[in-house]
Amino acid sequence: MPSDAPSTARSEELILAFLAEAGDAFTSGEAISNKLGLSRTAVWKNVESLRHKGYVIEALPAKGYRLTEIPDRLTELELEPLLSTHDFGRTLHHHAELASTNDLAHRLALEGALHGETVVAEHQTAGRGRRGRTWVSPPGKNLYLSVVLRPELPPQRAPELTFVAAVAVAEALGDANVPARIKWPNDVEVGGKKLAGILTELHAEPDRVSAVILGIGVNLNLAAEDLPAELRSTATSARIVRGEPVPRALFAAALLGKLEQWYDRHAEQGFEPICDRWRELTSTLDREVRVRTGGRELVGRAQDVDDSGALLVAVGDSLERVVAGDVEMLRAT
Ligand code: BTN
């Protein structure tokens with residue numbers, strides 16, 4: 001007997017998932033009602049409630065329903081129907097404002113968060129970048145997320161996960177028509193301007209990692225005038241590159257899918273396939289570079305990365321191995 005129950009969060013989520021899966025096609029009220037065990041009236045009540053929350057759902061008498069617009073928010077209601085993952089993003093901690101998604105993810109990891117639990121914020125008041133820098137995090141336009149990972153890895157192999165993330169971010173941007181490249185180790189750029197960054201932090205014991213916090217920031221819908229003046233020559237956004245905004249929930253779900261896919265591949269096959277894909281997506285190799293590392297500066301040709309992800313730079317007759325640092329591209333060779 002189909003239920004006539006009023007709209008509930010769960011039935012709204014199921015209806016959204018159903019409509020999202022149908023894409024541009026209409027889904028009949030009858031099909032939704034049969035699939036979800038709801039009366040036609042209950043389906044209609046759920047659709048009305050979703051419309052009040054900002055979803056645009058077309059309804060045509062002979063055809064049924066079609067989802068044409070989702071609100072530009074990153075709550076569970078928007079993300080869940082779009083996820084293709086088994087773990088990543090399935091438990092979602094969404095906040096309108098946080099100091100830093102990485103900070104909350106750290107706390108959750110200490111309290112026992114499971115692999116794949118994800119923190120998302122619409123705004124960060126103290127977003128953190130690599131090497132103690134600030135990550136500019138204005139509200140409502142970008143993506144700031146942190147995933148708690150529970151890898152079976154010794155601490156010295158944890159940096160490999162940064163490469164996993166860089167590959168996933170570059171691929172997700174590529175699928176959104178943003179031809180992104182990776183600058184060693186994990187800056188994601190277009191035309192030499194940065195649009196995404198990755199901050200990997202560890203909870204480790206001497207011989208094993210207990211959690212990795214993978215923090216990812218992507219400039220999605222910033223307009224050029226939203227960027228602080230001092231960043232305009234070095235930073236960009238997906239919107240500036242594509243000339244049109246990116247639906248944030250769709251992008252976040254696609255990114256979590258890519259992340260999980262490459263994470264699983266790493267767990268099954270190790271670092272090599274990740275490194276191979278990273279080499280295809282990087283702009284750093286075979287270039288003249290200046291590398292600032294631990295108070296030293298090297299100028300040479302970026303030759304390759306080794307099997308731990310360190311950058312190998314040919315300086316005169318010697319090959320220098322760089323494990324951490326900032327790379328500046330000089331010119332193509
Ligand atoms: C970099 O310097 O390139 C890394 C930037 C990482 C920014 C992200 S935004 C989400 C997460 N929370 C933070 O405070 N930082 C990371």
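Numerical summary
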{"item": "Unmet criterion (only one of (1) touching a helix residue (DSSP H, G or I) at 6+ places or on another chain (Cβ under 6 Å); (2) open to solvent by less than 10 Å² (accessible area, probe 1.4 Å); (3) within 14 Å of the ligand (Cβ to nearest atom)) for Leu98", "result": "(2)"}
{"item": "Residue count, the stretch 181-194 (criterion: farther than 20 Å from Asp306 by Cβ and surrounded by 24 or more Cβ atoms within 10 Å (Cβ to Cβ))", "result": "1"}
{"item": "Filter result for Val241 (among the hydrophobic types (A, V, I, L, M, F, W, C) and in contact with a strand residue (DSSP E or B) (Cβ under 6 Å, 6 or more places away or on another chain))", "result": "yes"}
{"item": "Those residues of the stretch 316-333 which are part of a strand (DSSP E or B), open to solvent by 40 Å² or more (accessible area, probe 1.4 Å) and in contact with a Leu (Cβ under 9 Å, 6 or more places away or on another chain), in sequence order", "result": "Leu319, Glu320, Arg321"}
{"item": "Residue match in the stretch 49-71 (condition: surrounded by fewer than 16 Cβ atoms within 10 Å (Cβ to Cβ), in a helix (DSSP H, G or I) and in the same structural domain as Ala22 (by TED's automatic domain parsing))", "result": "yes"}
{"item": "Considering residues of the stretch 72-95 that are under 19 Å from Ala172 (Cα atoms), charged (D, E, K, R) and open to solvent by 70 Å² or more (accessible area, probe 1.4 Å) only, the residue modelled with the highest pLDDT", "result": "Arg90"}
{"item": "Subset of the stretch 186-202 [closer than 17 Å to Tyr263 by Cβ and over 14 Å from the mean Cα position of the chain (by Cα)]", "result": "Glu201, Leu202"}
{"item": "In the stretch 181-220, the residues that are touching a residue at least 60 places away in the same chain (Cβ under 8 Å), among the polar types (S, T, N, Q) and within 12 Å of the ligand (Cβ to nearest atom)", "result": "Asn219"}
{"item": "Identity of the residue in the stretch 26-44, in a helix (DSSP H, G or I) and aliphatic (A, V, I, L, M), that ends up surrounded by the fewest Cβ atoms within 10 Å (Cβ to Cβ)", "result": "Ala31"}
{"item": "Enumeration of residues in the stretch 244-263 that are open to solvent by 40 Å² or more (accessible area, probe 1.4 Å), more than 11 Å from the chain's Cα centre (by Cα) and modelled with pLDDT of 95 or more", "result": "Gln261"}
{"item": "Among the candidates Ala223, Ala249, residue that is assigned by TED's automatic domain parsing to the domain that holds Gly174, free of Cβ contacts under 8 Å to residues at least 40 places away in the same chain and not hydroxyl-bearing (Ser, Thr, Tyr)", "result": "Ala223"}
{"item": "Options Gly127, Gly132, Gly112; residue that is within 13 Å of the ligand (Cβ to nearest atom) and either free of Cβ contacts under 8 Å to residues at least 24 places away in the same chain or assigned by TED's automatic domain parsing to the domain that holds Glu21 (or both)", "result": "Gly132"}
{"item": "So Ile274, is it open to solvent by less than 40 Å² (accessible area, probe 1.4 Å), of a type outside the set (Lys, Arg), modelled with pLDDT of 95 or more and assigned to a strand (DSSP E or B)", "result": "no"}
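The values are calculated or read from the model by the stated rules, or taken from the named source; none is laboratory data. Note that the structure is a prediction, hence the values are computed from the model and not measured. Using ideal geometry, Cβ is built from the backbone for each residue, glycine included, and neighbour counts are taken over all protein chains shown. Accessible surface areas use protein heavy atoms only, side chains included; no ligands, DNA or RNA. Shrake-Rupley method; radii C 1.70, N 1.55, O 1.52, S 1.80 Å.
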